[in-house]
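For reference, the structure is listed below as structure tokens.
The values are calculated or read from the model by the stated rules, or taken from the named source; none is laboratory data. Note that this is a predicted model, so its numbers are computed, not measured. We place every Cβ from the backbone using ideal geometry, glycine too, and count neighbours over all the protein chains shown. Protein only, heavy atoms only, side chains kept; ligands, DNA and RNA dropped before computing areas. Shrake-Rupley method; radii C 1.70, N 1.55, O 1.52, S 1.80 Å.
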Amino acid sequence: MPPKQVPSQRIQGVALDMDGLLFDTERIYYQVGDVVLQRRGHRFSNELQTRMMGRVGVSAISEMINFHDLTDEPLALLEESNDVYRELLLDLLRPMPALAEFISQLSQSGLPFGVATSSQRQFVDMILPTTDWHDKLAFILTGDDVTNGKPHPEMYLKAADALQIEPQRMLVLEDSGNGAAAAMAAGAITVAVPNEHTRDQAFSGAALIADSLADPRLWAMLSESSPLPKSNPA
């Protein structure tokens, strides 16, 4: 079934997920999960990663504990995972394909945009300063800023508030089923950009399932929504 056609001129701001959409961190999370679980006689898996995606901190770790019937306390296991992730992050971090070109296109559109990620702020503060566009962000929301993680809509309702627009006039880009569900539950115009870890997840109801950040259909949504230039007074 083709994606729903959404009048993109309604878009007044953009919210971007980070992990798996802007940066290939899902690969790092997978490695972290595997290191932690191997210490306990288990291995990480795509099924577990899908369950954890978009969830915040203890909620994500609780999925791991329940999945493998671990006896660890969630906070202790989260801190152990954080230590491994912190050691690997900057050495293994890399942008998703066409990220620079997409950000350039988004900046040219004139639409305000920000990041809404389930990652902890300590890691967001490590990642975003590696870019040359972090100072263009209208807002940065992290997992530390919400009570309910994705697929709950709280993150994207707060993103709309940060942009000072109605959720229905906000474009959200997400790579995961949980994230897309959160955006759609908030009422946002949702574009899924699946990656190798999420391409088999459900994105029912998305306005568009893009091939990548370079998808011309996505770029068209941005250009068609660009604010009209102000006319000079006569």
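Find out how many positive minus negative residues lie around A159, taking Lys and Arg as positive, Asp and Glu as negative, among other residues whose Cβ is under 13 Å from that of A159.
-3
Any idea of the accessible area per residue across segment 106-204, 1.4 Å probe, to the nearest Å²?
Averaged over the residues of segment 106-204, the accessible area is 39 Å².
Say we join alpha carbon atoms closer than 10 Å with springs in a Gaussian network model of the chain; which of N195, N178, N66 then has the biggest fluctuation?
Highest fluctuation of the listed residues: N66.
By accessible area of protein heavy atoms, probe 1.4 Å, what ranking do T50, T71 get, highest first?
T71, T50
If Lys and Arg each add +1 and Asp and Glu each add -1, what is the summed charge of the other residues whose beta carbon sits under 11 Å from the beta carbon of V84?
Once positives and negatives cancel, what remains is -3.
Residue separation times 0.36 nm, minus the C-alpha to C-alpha distance between N148 and E47: what's the value?
Contour length minus the Cα-Cα distance gives 34.2 nm.
Sticking with the crude label model, points 7 Å out along Cα→Cβ, report the distance from Q31 to D200 in nm, one decimal please.
Output for this residue pair reads 2.3 nm.
Rounded to the nearest 0.05, what FRET efficiency do L89 and A214 give with R0 = 35 Å and r taken as the Cβ-Cβ distance? Could you check?
0.90
Give the distance, in whole Å, between the Cα centre of segment 95-132 and the Cα centre of segment 6-46.
What the calculation gives is 14 Å, centre to centre.
What percentages, rounded to whole numbers, describe P(r) for segment 1-95 computed over all alpha carbon pairs with 5 Å bin width beginning at zero?
It works out to 2, 11, 20, 22, 14, 9, 6, 6, 6, 2, 0, in whole percents.
What whole-number value in Å² describes the accessible area per residue of segment 1-91 for a 1.4 Å probe?
50
According to the square roots a ≥ b ≥ c of the eigenvalues of the Cα gyration tensor, what is the shape class of segment 82-234, taking rounded for a/c under 1.5, prolate for a/b larger than b/c otherwise, and oblate for the remainder?
Here segment 82-234 falls in the rounded category.
When a/c reaches 1.5 or more, the comparison of a/b and b/c decides; with that in mind, is segment 147-233 rounded, prolate or oblate per its Cα gyration tensor?
oblate
Whenever you get a sec, compute what percent of the accessible area on segment 106-200 sits on carbon and sulfur atoms (1.4 Å probe).
Exposed carbon and sulfur together represent 43 percent of the surface.
Select from V84, T130, A220 the residue farthest towards the positive end of the dipole of the chain; place +1 on Cβ of Lys and Arg, -1 on Cβ of Asp and Glu, and compute about the Cα centre.
A220
All other residues with a Cβ under 14 Å from the Cβ of T147 taken together, and with Lys, Arg as +1 and Asp, Glu as -1, what is their net charge?
Net of charged neighbours comes to 0.
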